[in-house]
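**Student:** Structure incoming, see below.
Laboratory data are not the source of any read-out in this text; all were calculated from the coordinates shown. The model shown is predicted, which means the values in this text are computed figures rather than measured ones. Don't worry about glycine lacking a Cβ; one is built from the backbone with ideal geometry, like all the others, and counts go over all protein chains shown.
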Amino acid sequence: MVTWPDGHVLTEVPKFFAAREPIGMHALTRGREIRTIMIGGFGWLILVFFTAGCGKPPSPGTPASPHGKLSEMSRVEGEVVLCEHKVPEKVCTKHHPELVAQFQRAHDWCQPHGVPESQCLQCHPDLTFDPLPKLPQDADVQWLSRAGEDVPNLDVHAVKGKVTIFDFYAEWCAACRKVDGHVYKMIASGDKSVAYRKMNLVEWESPLAERYVTDVPSLPFVVIYGRDGKRYTTLHGADLAALDKAIAEARRR
């Protein structure tokens with residue numbers, strides 16, 4: 001909010017400055033700031049601009065960040081019964097304060113709101129709590145990077161004869177969990193035409209992130225290779241319809 005010298009109050013930033021991808025707080029703050037400069041002269045002027053690639057927020061789950069990781073501790077097996085806080089009652093820390101220490105030890109804690117990060121619907125309104133489906137033993141799912149280590153070349157990991165999905169995700173990204181669950185369901189249903197390759201970015205400054213997502217506006221970032229083993233397209237965000245369309249098109253290559 002800005003108050004002009006004549007008393008007029010500006011309460012909203014113009015729409016053209018609004019974030020393009022409202023998929024989660026951490027993704028929106030990635031390397032972007034809004035700054036205001038008041039310039040004197042004939043009246044007053046507000047200059048609002050974005051600074052990309054600087055002032056990146058500390059990665060969630062690190063000591064410098066008030067936010068934690070989205071662990072799997074808030075997923076429950078069997079029927080999911082939500083309490084009045086809209087989280088699974090079995091693991092709700094407001095109903096079961098004895099669980100607080102466990103979540104904090106796992107670095108799954110949102111300090112600003114006093115709840116597990118994996119239950120904070122204020123920070124992550126698109127959180128889901130359904131457990132990941134169990135995969136068959138022959139499911140073609142592999143982790144290429146678990147701690148942000150670099151993967152220099154994706155081509156060598158593409159599986160000819162299958163659609164290869166390279167998923168760049170982070171443990172603090174709620175939208176990433178949506179894509180993960182969607183692909184898991186696809187594979188669990190018996191679809192053997194898909195190879196799933198997962199890579200945990202961990203933070204924006206990791207070697208993996210520096211190579212692949214410096215210009216990506218939001219996570220998850222997905223790279224899809226066709227059955228011919230060649231790179232077909234890329235996607236970002238949790239647009240599941242777009243993901244399904246891309247996979248279907250890659251099957252025909």
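**Student:** Ranking TRP204, TRP109 by Cβ neighbours within 10 Å, fewest first, what do you get? Write out the running numbers ahead of the final one.
**Tutor:** Numbers: TRP204 20, TRP109 26.
Least crowded to most crowded, the residues run TRP204, TRP109.
**Student:** Oh, and also: How do THR164, THR214 line up, fewest other C-beta atoms within 10 Å first?
**Tutor:** Fewest-to-most ranking of THR164, THR214: THR214, THR164.
**Student:** For region 128-231, give the magnitude of the charge dipole about the Cα centre (Cβ charges: +1 Lys/Arg, -1 Asp/Glu; no others), in debye to the nearest 20. It would help to have the intermediate numbers written out before the result.
**Tutor:** Values: 14 positive and 15 negative charges, 104 e Å.
Here region 128-231 has a charge dipole of around 500 debye.
**Student:** Roughly what would the spin-label model give for VAL159 and THR128, points 7 Å off Cα along C-beta, in nm?
**Tutor:** About 2.1 nm separates the two model spin labels.
**Student:** To continue, here is another question. I want to make sure I understand the PRE zone here: with the label point 7 angstrom from the Cα of LEU121 toward its beta carbon, which residues in region 83-114 have backbone N atoms less than 15 Å away?
**Tutor:** Only 83-95 pass the distance filter.
**Student:** Sticking with this structure for a sec: Take ARG105, project a point 7 Å from its Cα along the Cβ direction, then tell me which residues of region 66-89 have their backbone nitrogen under 18 Å from it.
**Tutor:** Output list for this probe position: 69-75.
**Student:** Residues of region 105-132 with the amide nitrogen closer than 14 Å to a label point 7 Å from the Cα of LYS185, along Cα-to-Cβ, please.
**Tutor:** 128-132
**Student:** Moving to a separate point now. Can you return the lysines within cross-link range of LYS230? Criterion is Cα-Cα under 16 Å, with same-chain partners fewer than 8 residues away left out.
**Tutor:** LYS160, LYS162
**Student:** Same structure again: Positive end of the charge dipole of region 141-251 (Lys, Arg +1 and Asp, Glu -1 on Cβ, about the Cα centre): tell me which of VAL151, GLY181, GLY229 has its Cα farthest that way.
**Tutor:** GLY229
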